[in-house]
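J.: Quick one: the structure is below, questions incoming.
Just so it is clear, none of the values below were taken in a lab; they were calculated from the coordinates. Please read these numbers as outputs of a predicted model, since none were measured by experiment. Cβ sites come from the backbone with ideal geometry, for glycine too, and all protein chains shown count toward neighbours.
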Amino acid sequence: MAKTQGPTRHKHILTRTCVACRTSLPKRELVRIVRTPEGQIVIDPTGKKSGRGAYLCRRRNCWEQALKNKNLEYALRSTLNDAERDELIAFAGSLEQEV
């Protein structure tokens with residue numbers, strides 16, 4: 001006897017919103033920035049660090065806008081110190097520039 005398979009199940013895809021451009025995308029397509037319980041703001045490549053998180057697109061102009069307009073600070077409910085800001089600017093420099 002052959003087993004019959006039921007309807008295929010579709011995996012739910014988590015979506016998050018970019019704090020700069022307000023575009024909803026799958027979570028894996030965005031970069032998570034987290035304010036850790038110690039108050040440090042870091043880039044979270046795994047998306048699993050504990051703390052308050054905010055998401056940005058992988059486009060340089062979104063990062064520049066989020067830092068300039070303080071969207072990121074508002075979302076994280078914290079202020080960036082110079083070292084954290086420099087780290088985020090350096091990461092943004094490695095991203096593609098939108099035409």
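J.: When the scattering of region 19-73 is computed by the Debye formula from its Cα atoms alone, each counted once and equally, what is log10 I(q)/I(0) at q = 0.25 Å⁻¹?
T.: With one equal scatterer per Cα and no solvent, log10 I(q)/I(0) is -1.02.
J.: Next question. Once you place label points 7 Å from the Cα toward the Cβ at LYS11 and LYS48, how far apart are they in nm?
T.: It works out to 1.4 nm between the two label points.
J.: Over the Cα atoms of the chain, each weighted equally, I'd like the Debye log10 I(q)/I(0) at q = 0.11, 0.12, 0.14, 0.21 Å⁻¹, rounded to two decimals.
T.: With no solvent term, the Cα-only Debye profile gives -0.37, -0.42, -0.53, -1.07.
J.: Here's a follow-up. Could you give each residue of region 51-64 its phi-based ³J(HN,Hα) in whole Hz, using Karplus coefficients 6.51, -1.76, 1.60 with θ = phi - 60°, and x for Gly or Pro?
T.: x, 7, x, 9, 10, 9, 5, 8, 10, 4, 5, 5, 5, 4
J.: How many Lys pairs in the chain lie less than 24 angstrom apart by Cα atoms, where the lysines are 8 or more positions apart or on different chains?
T.: 10
J.: From the phi angles alone, apply the Karplus equation (6.51, -1.76, 1.60; θ = phi - 60°) to region 29-38 and give each ³J(HN,Hα) in whole Hz, x where the residue is Gly or Pro.
T.: 8, 10, 9, 9, 10, 10, 9, 5, x, 7
J.: From the backbone phi of region 40-47, what are the Karplus-calculated ³J(HN,Hα) couplings (6.51 cos²θ - 1.76 cosθ + 1.60, θ = phi - 60°) in whole Hz, Gly and Pro given as x?
T.: Along region 40-47, the couplings run 7, 9, 9, 7, 10, x, 7, x Hz.
J.: Additional query: Taking 0.36 nm per residue of sequence separation and subtracting the Cα-Cα distance, how much length would be gained by fully extending the chain between ARG22 and GLU87, in nm to one decimal?
T.: Working: separation 65, 0.36 × 65 = 23.40 nm, distance 2.27 nm.
Using 0.36 nm per residue and subtracting the Cα-Cα distance, I get 21.1 nm.
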